[in-house]
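To start, the structure under review is shown below, and the notes come after it.
The values are calculated or read from the model by the stated rules, or taken from the named source; none is laboratory data. These numbers were taken from a predicted model, which means no experiment stands behind them. Note: ideal-geometry Cβ built from the backbone for every residue, glycine included; neighbour counts use all protein chains shown. Side chains are part of the model used for accessible areas, which takes the heavy atoms of the whole protein and leaves out ligands, DNA and RNA. Shrake-Rupley method; radii C 1.70, N 1.55, O 1.52, S 1.80 Å.
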Amino acid sequence: MKEYDYLIVGAGLYGACFAYLARRKGRRCIVIDKRPHCGGNLYCESIESINVHKYGAHIFHTSDREVWDFVTSLCEFNNYINSPVANYKGKLYNLPFNMNTFHELWGVVTPEQAAEKIREQREAAGITEPKNLEEQAISLVGSDIYETLIKGYTEKQWGRKCTELPASIIRRLPVRFTFDNNYFNDIWQGIPVGGYNRLFARLLEGTEVRTGTDYFSDRPYFDSLAEKTVYTGPIDQFYGYRFGKLEYRTVRFETSVLDTPNYQGVAVMNYTDAETPFTRIIEHKHFEFGRQDKTVISREYSSEWKEDSEPYYPINDGRNNSLCLKYRELADTETSVLFGGRLAEYRYYDMHHIVERVLHHPELA
Ligand code: FAD
Ligand code: UDP
């Protein structure tokens with residue numbers, strides 16, 4: 001009998017939730033992560049007493065009561081509501097696309113006037129069945145919003161033309177005919193009070209964790225430790241990239257401390273024109289209504305993933321999806337390896353999807 005029931009590769013949300021639930025079932029777990037800390041992409045670094053979302057801004061939102069009850073049983077969440085502002089060449093617009101945006105752009109006052117504007121622009125573009133992100137965007141919100149708030153931002157974010165991107169990316173955003181700047185439609189939303197590290201401290205309490213430890217540095221040794229491996233790293237790397245590499249988008253964060261208590265008045269400001277080289281500026285203190293004397297901001301620059309950068313966004317286009325399918329076929333034949341999470345499943349999961357998937361994992365039933 002081996003020392004552990006599970007070797008969990010990755011101390012991100014998937015790995016940590018799995019470890020927590022497995023431990024509650026009396027299973028013996030060891031978690032390893034190649035980064036020097038736990039938390040995966042949710043990790044927060046304290047700078048000037050501000051919790052800086054080091055791998056990108058993270059707002060928890062869900063409509064699944066079980067998921068919300070689970071995370072709030074582990075730590076307290078605040079009542080932060082994400083209401084980003086778009087900056088297009090110095091003019092500000094509310095997001096997501098709602099009556100405030102329509103008023104700012106067209107001066108329309110009623111939902112009927114806004115719907116009419118969109119209908120006119122959709123008809124002028126002649127789109128009946130949207131085949132790509134551009135067509136989907138125009139048919140949802142019209143060509144003015146597409147040109148001002150979507151095209152530049154999306155093409156910077158994904159490094160591809162909107163005509164080459166799947167429509168599904170833009171369907172993530174709500175379109176509303178009410179004056180409501182809440183970026184999400186979900187019932188519950190918030191940020192852990194004191195940052196995400198508190199959530200991970202609870203999830204991994206009592207579990208052996210080795211950070212700064214790469215699974216691939218000594219695979220036979222790590223495999224020898226446990227009956228089963230829960231793998232949350234990139235699926236193509238697990239198989240030595242034998243069919244080729246999956247593509248990702250990565251983000252470079254340029255973080256600075258500013259000697260002002262309030263730089264932009266909002267946590268998230270998107271720069272939606274094509275010329276500004278970054279996609280957005282995050283002012284971290286606003287996630288927790290911080291009153292510190294200084295502030296910390298991060299400019300986000302999006303680019304194609306290379307091996308020495310972090311793989312953030314899977315690019316679920318035709319080429320990558322069919323490549324991923326080949327790896328998944330191999331994964332399905334494994335008897336002692338379980339694959340889960342954004343990298344191992346190569347899916348654009350939000351945090352609540354991850355929690356939901358672990359809560360309902362057959363292995364933990
Ligand atoms: P990860 O957090 O990536 O964890 C995987 C872990 O595995 C990492 O810590 C990695 O170091 C480790 N690992 C990989 N390979 C190895 C190896 N060989 N050996 C050891 N360890 C290894 N979701 C939301 O709900 N709301 C948001 O606002 C939001 N914002 C986001 C912003 C950005 C910029 C990004 C990229 C994602 C965002 N998400 C958001 C999604 C969220 O980050 C994911 O749903 C979540 O982090 C997935 O958890 P995971 O455990 O699958 O992956
Ligand atoms: N998007 C946009 N303009 C914006 C914000 C978002 O065009 O001001 C598009 C963009 O294509 C992005 C998608 O909407 O990839 C989804 O946005 P979201 O904020 O959900 O992206 P994420 O949180 O994953 O970075």
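Things to note:
- Relative contact order for the chain: 26 percent, from Cα pairs under 8 Å spaced at least 6 residues apart, divided by residue count.
- Computed across segment 1-139, the Kirkwood radius stands at 19.9 Å (inverse of mean 1/r, all Cα pairs).
- Size check on the chain: the Cα extents along the three principal axes, sorted descending, read 70, 49, 37 Å.
- Helical content alone sets the calculated 222 nm signal of the chain at -8500 deg cm²/dmol, taking -39,500 (n - 2.57) per DSSP H segment of four or more residues and averaging over every residue.
- Binning the alpha carbon pair distances of segment 91-134 at 10 angstrom intervals from zero yields the distribution 27, 43, 29, 1, expressed in whole percent.
- Each Cα pair under 8 Å and six or more residues apart adds its separation to the average, and for segment 266-319 the resulting relative contact order is 28 percent.
- Taking only the alpha carbons of segment 162-208, we obtain Rg and Dmax values of 17.6, 50 Å in that order.
- Where the Cα pairs of segment 239-365 fall when distances are cut into 5 Å bins, in %: 2, 9, 13, 15, 15, 14, 11, 9, 7, 4, 1, 0
- Whole-number accessible area per residue in Å² for segment 1-111, which is evaluated in the context of all protein chains at 1.4 Å: 40 Å²
- Average projection area in nm² (convex hull over Cα atoms of segment 237-283, one quarter of hull surface): 5.7 nm²
- Proximal aspartates and glutamates to residue 91, defined as alpha-carbon separation beneath 15 angstrom and excluding residues fewer than eight positions away on the same chain: 104, 144, 147, 273, 275
- Loop-resident sites, segment 1-104, for trypsin sites (Lys or Arg not before Pro), counting at most 13 other Cβ within 10 Å (DSSP): 2, 25, 89
- Computing Rg and the Kirkwood Rh from the Cα coordinates of segment 164-260 gives a ratio, Rg/Rh, of 1.06.
- Per residue accessible area in Å² of segment 231-303, where ligands, DNA and RNA are left out and the probe is 1.4 Å: 42 Å²
- Percent accessible area from carbon and sulfur atoms, segment 237-365, protein chains only, probe 1.4 Å: 48 percent
- For segment 64-112, GluC sites (Glu not before Pro) are listed when DSSP marks them as loop and at most 15 other Cβ atoms sit within 10 Å of their Cβ; the list is 76.
- Over 29 Å (Cα to Cα) - which of 54/306; 34/245; 54/326 fall in this group: 54/326
- Whole-number percent relative contact order across segment 43-96, with pairs defined as alpha carbons under 8 Å at least 6 apart: 17 percent
- Calculated translational diffusion coefficient of segment 305-365 (10 °C, 1.306 mPa s; Stokes-Einstein with Kirkwood radius over alpha-carbon pairs) equals 121 µm²/s.
- Scaling against 2.2 N^0.38 Å puts the C-alpha radius of gyration of segment 95-181 at 1.03.
- Computed from the C-beta positions of residue 89 and residue 293 and an R0 of 30 Å, the FRET efficiency is 0.45 to the nearest 0.05.
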